[in-house]
Amino acid sequence: VKGPRSIESNLVSFGIALGSVLVVLVLALFGVEHALGARLERMGNATMPAQQAIAGLRYAVSRLFERQVQVLSTHNEVELAALQDRRAIEGALSQSRGLLATTLPEMVGRSEASAASSRLAASERDVLSGDALLFESVLRGHATQAQFDTRTAGLKTSLEHLIQDARAVAGIAHLEYVLELRRVAGGASSERAIYGSTRIQQEAAEQVVICVLQLGQLVGKLDLARSEDELNSIVANELAQNLARTRTQLRVLVTNLEGDVARSERAMQEQFESVAFQISADRDAQSLVRLRRSTLVEAGHAAELRGRTQKSVADLSTQLDAVERIAADEARTSMSSAQRTLWGARGLSLIALVAALVVGFHSVRRMRASLGGLRTQNEQLESLSRDLRTMNEGLEGLVAERSAALVARERAMCLVLDAMSEGLISVDLEGKVAGESSKVALSWFGRTQTGTRVWQHLFADDERLSQDFQVGYTQVAEDILPFEVSAACMPQRFVRAGRTYSLGYRQVMQEHRFHQVLVIVNDITNQVESEQRERDAREQHQLLSHLLNDKQGLQVFVRESERLMLALRVEKGREGALRLLHTIKGNTAVFGMESVSSLCHTLEDALGERAGGLTAVESNALSALWYTRLARVEELLTSEEFVELDEEEFGEILSGLRQRRDYFELVELVQSWKWVKTSLLLRRLSAQVRRIAEALGKNADVRIEHNHLSVMPGALDGFWGEMIHLARNAVDHGLESPEERAQLGKPAAGDIVLCTKVLPRGGFCIELGDDGRGLDFAALRAAAAQRGLAATSEIELIEIMFRDGVTTRDEATEISGRGVGLGAVVAACRAAGGSVEVETAPGKGTLFRFVYPLQTVQVREGTSSRATRGGSGGRLDAQVAFSSPDPRPSP
Amino acid sequence: VRKLIDTEHVRAIVGNVGTPTAVVTVPIVNEKKVPLFGAFTGAGVLRKTPPDRYVFNVRASYADETAEMVRGLLEDRHLNPNDIGFFTQDDAYGDAGFAGAVKALEAHGFKSAENLPHGRYARNTLDVEDGLAHLLDPRVHPKAVIMVGTYKPCAKFVTLARKNGLHAIFANVSFVGSADLLKELGKDAEGVVITQVVPHWSADFPILKEYRESRLEPGFVSLEGFLVGRAFTEVLRAAGPNPTPELFVQAAESGTQFDLGVGKPQALSKTRHGFSSSVWPTVIVRGEFRAFSNWNELKVR
């Protein structure tokens, strides 16, 4: 027993360990999942959107920057206008910053977040305003440049005209001079050619052409000036010099010219001054130099703005860096926290696994040890069974002569084998379930908790049984009475959850001391059921045999029993109920309906402990059982289409018909077929007596004297049913046991006489006599005294005996002993208007005679009637004769 | 030109006027693969070696004209190369004429043509004095002035030169615009020479008969246009019923003999895209153009 127990416990502990590991793992998983989920959620809600927002801001700023570069690299207002709309960038900026503003408080404190947000917003404002200023500056620069370009274009045309004019003048001067030279070559004076104005003119014209060409170059140079200094240098030096020289040369030209040419030269001079004014006049806001200066100033301003914007962008970038650091820190914190969580979970899982491994290893070792024990036990069992086989083989030799013993032994062997399926529970002396219970017991009653009392364990749903058991067990444990005796007082069987179990008890000694009780529980449900079935079958068989032998008798029995049960149902008094029950018990016992009889007995027990009659439930249960038992034969029983005739009756009617007897006689004869023959009644009763005697282990010789009498159908119904009590009493109380009889020198078989006859003094009587002890008046007197009844005469004692509830027996059995039976018979007889007579003599026997007035029973004598019309009584040499008062004197 | 080709889908350009315009047009037609046929210019840019695939000339070049002048002056009139002066427009047109003359002079063994007296005037101006000053310089004595210019400055130049005592043969290339020059010069037109790339309309050529019958106002410009039209239709005819620019070029270069009705029929090829290099010199006598062949017959006023 130890082996499986420890294997089980090891398995259980292993399972618990595994379960714990699983639980720990699941919990760890939950924990990790929760922690990681929280982290992830935070990452998803705050960190990632924040980083996204920062990236968005950076992208927007870079777009702004790119736009600035584009703005700065534009060449004119048209190109610039295409870049004017920066709403997309502003939208992206504000959207990203809004996102950041909502996510920042999730990562840092609210105040810190708002501070960072406001710093960011300020930087962003700076950047945007700087950008706007830059844009405007560039726009102004372009506007100025456009004006400059327009003016330059105009000036170029003017300059070209000027150059062309200068060249024309120079050409004319050149021609004049060449003509002068030709004149010199033709012999004229060279003085004019050398000192004259033509040469000066020609040279001045050449200079003017050169100067104007230079002026054109200077205009181009102005456009190329990249700084104000450079511009100033050009204006102050080259431009001023050029203008001065040109003016000088023009003046020279003009002063040396005359007429048309001089006029055209003066026009040229004016044109030049206009050009010079357009180029360099300080008071003209639109002058080329001032325009260029404005452009340069604007460019410088733009550069400055650009620098400022760059600084703003750098500021914004710094702010973004700070925020990004916060987001990165947050992400890193989340990651490291998640990592810590993971490592923690891994550690926990590892510990759980190690624990599981240790427990598993330990359990496996212990299981192996248990298995080793089991194996040893198995070997022992095998050797035992070998021995048993050997013994059996030895026994087989004796088979022939001792087959009966062998059968018994085989049965015992079967029982032994059956015991293998016994439930075994060790119980210590305090009633606690100790140690291991057998597997079967476990499967039946479940596992016990430590300290559970065995009665709580077994009879949890039956408090009364539990108490009984507890009381009995206390007695066992006290060990005062021999174990077998006290064990016999313990409950022997019980029903639990629809199963019937038998209980056995074994004393377990340890070191010669009473140590434990081994409670052996057997599931005898099947046995009980089979017994039940067997009993049912037996009852059925009995009923059927009665049906076949004496259908009428059975009908009477059934009718009578049903009447009694009906009466029982309405009977409220305890005594009356007991009487009715007793009658039913006796009748059903005689007809072999053991189950009904047994139930009646149980109900009598129940009634004995309380006042009042049966409860509806009880009487219903009785009826139900009754009808169940009767169900099979009832159909056969209730068919009353047939009238049975015996050979004698048949002969009688036949001869009557042949003799052509009186018609009314014949009618009466045929009617008599339905009358009840007392022979039949007596035979039935005698059979019952024999059965009772057999059941009680007594020999009874039953004689019948029916005197061919018949009684009116139904006349004795109520009474006859009760006769069984009397018959039972006669066998049980009257007849001695065979041993006693042998001592008294009486024949081994007791003599029971059953008789019906018509008394010479009138009246129909039924007698029942025995040759037994006779009435025990001493015991009757004691019983009467016990019930507080004072009786002196034997007559009075007999009368008391007729009352219900007086019995001389200590213990009621199913056969008799409740003191009810006799009372019931007497009551029935008297109810039918009859009287009772008793003759009794000690050691010689008792005779009961029930006398009915003839009118009430309508006795008929058969045709072959040899009715004994003997004298009244005299059968016994009676010392006491009792005759009950006849309430209705016979006529 | 781009607009003509791209939006008007012109398949060939005929009779384009002017050298500077031609300078711009040639790369376009090469790019667009559209024939430029019979341009009204003798500039070298239309006469490359080998010729541009899509450029076809009907008339002789300025170089041909100035070469004819040099030939006539040196061979017929037996002038010394140093007796030749130049008056040219200060641009590609003027330079083309001058280059042709220099080349011709070099062909006659004169290596320092660059040093010959050479006056220039600015395009679209009448400022001819400076140029005239170069030719009136007492150190030089030109007996003939080869002029490559337009009629107004050329007329002013001739007038002013004669007024200031320069008596030489004034020889203009055809582009000067013969009728306009005649009109502008008035009484100073007598003796001014103009070389032509078409014969005088009164000459005895089959085409001229048709030209005269066309009732056009007789003139060298319209006659040149007439000839260009003839040449174009000849080539177009050779290009087949469904001419494309490519088919046109292939037909032109196929070696087919094209008879323009002036001189003998000509065949073009990949290396020859000009129908004519013939130059007809004319002189204004009493307000009329007169063809001449011997430059020695000319009288100097």
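A few remarks follow.
- Which listed residue, of A:205, A:188, is part of a loop (DSSP other than H, G, I, E, B) and either within 14 Å of another protein chain (Cβ to nearest Cβ) or at pLDDT 85 or above (or both): A:188
- Here A:25, A:80, A:57, A:64 are screened, and the one residue that is in contact (Cβ under 8 Å) with a residue 12 or more places away in the chain and surrounded by fewer than 18 Cβ atoms within 10 Å (Cβ to Cβ) is A:25.
- Residue in region A:19-30 that is farther than 30 Å from residue A:357 by Cα and among the aromatic types (Phe, Trp, Tyr) present: no
- Matching residues, region B:29-65, being in contact with a helix residue (DSSP H, G or I) (Cβ under 8 Å, 6 or more places away or on another chain), at pLDDT below 90 and of a type in the set (Val, Ile, Thr): B:41, B:45
- Which numbered condition residue B:96 misses (of (1) assigned to a helix (DSSP H, G or I); (2) within 14 Å of chain A (Cβ to nearest Cβ)): (2)
- For region A:478-503, a residue qualifies if it is closer than 15 Å to residue A:429 by Cα and crowded, with 17+ Cβ neighbours inside 10 Å, and the qualifying residues are A:486, A:487, A:490.
- The number of residues in region B:21-44 that are free of Cβ contacts under 8 Å to residues at least 60 places away in the same chain and within 13 Å of the chain's Cα centre (by Cα) comes to 3.
- One residue from A:196, A:187 being of a type outside the set (A, V, I, L, M) and either surrounded by 15 or more Cβ atoms within 10 Å (Cβ to Cβ) or within 60 Å of the chain's Cα centre (by Cα) (or both): A:196
- Qualifying position, being at pLDDT below 80 and among the basic types (Lys, Arg), among A:447, A:453, A:499: A:447
- Flag for residue A:74 being polar (S, T, N, Q), modelled with pLDDT of 80 or more, out of contact with any strand residue (DSSP E or B) (no Cβ under 8 Å at 6 or more places or on another chain) and not in a helix (DSSP H, G or I): yes
- Among the residues of region B:1-17, those identified as surrounded by fewer than 17 Cβ atoms within 10 Å (Cβ to Cβ) and either in contact with a helix residue (DSSP H, G or I) (Cβ under 8 Å, 6 or more places away or on another chain) or in a helix (DSSP H, G or I) (or both) are B:2, B:3, B:4, B:6, B:10, B:11, B:15.
- Within the set A:294, A:349, the sole residue that is surrounded by 15 or more Cβ atoms within 10 Å (Cβ to Cβ), over 60 Å from the mean Cα position of the chain (by Cα), at pLDDT 80 or above and small (Gly, Ala, Ser) turns out to be A:294.
Condition check ((1) of a type in the set (Lys, Arg); (2) assigned to a helix (DSSP H, G or I); (3) on the phi > 0 side of the Ramachandran plot; (4) free of Cβ contacts under 8 Å to residues at least 24 places away in the same chain) across all residues:
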residue	(1), (2), (3), (4)
A:473	no, yes, no, no
A:481	no, no, no, yes
A:491	no, no, no, no
A:500	no, no, no, no
A:506	yes, no, no, yes
A:514	no, no, no, no
A:517	no, no, no, no
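- Matching residues, region B:45-64, being without any contact (Cβ under 8 Å) to a residue 60 or more places away in the chain and either part of a strand (DSSP E or B) or in contact with a Gly (Cβ under 9 Å, 6 or more places away or on another chain) (or both): B:46, B:63
- Residue among A:577, A:567, A:589 that is buried (at least 22 other Cβ atoms within 10 Å of the Cβ), without any contact (Cβ under 8 Å) to a residue 40 or more places away in the chain and small (Gly, Ala, Ser): A:577
- Residues of region B:115-174 satisfying the condition of being modelled with pLDDT of 90 or more, in a helix (DSSP H, G or I), surrounded by fewer than 19 Cβ atoms within 10 Å (Cβ to Cβ) and more than 14 Å from chain A (Cβ to nearest Cβ): B:152
- Within region A:440-471, tally of residues that are within 22 Å of residue A:422 (Cβ to Cβ) and touching a helix residue (DSSP H, G or I) at 6+ places or on another chain (Cβ under 7 Å): 9
- Positions within region A:160-170 being in contact (Cβ under 8 Å) with a residue 12 or more places away in the chain and within 7 Å of chain B (Cβ to nearest Cβ), in sequence order: A:167, A:170
- Residues in region B:175-214 that are in a loop (DSSP other than H, G, I, E, B), small (Gly, Ala, Ser) and surrounded by 15 or more Cβ atoms within 10 Å (Cβ to Cβ): B:177, B:191.
- First in region A:212-240 and within 16 Å of residue A:148 (Cβ to Cβ), second anywhere and outside any helix (DSSP H, G or I), Cβ under 8 Å, 6 or more apart: A:231/A:225; A:234/A:225
- The selection criterion, being within 14 Å of chain B (Cβ to nearest Cβ), part of a helix (DSSP H, G or I) and surrounded by 16 or more Cβ atoms within 10 Å (Cβ to Cβ), holds for residue A:174.
The values are calculated or read from the model by the stated rules, or taken from the named source; none is laboratory data. Here the structure is a predicted model, which means the values were calculated and not measured. Backbone-built Cβ (ideal geometry, glycine too); neighbour counts: all protein chains shown.
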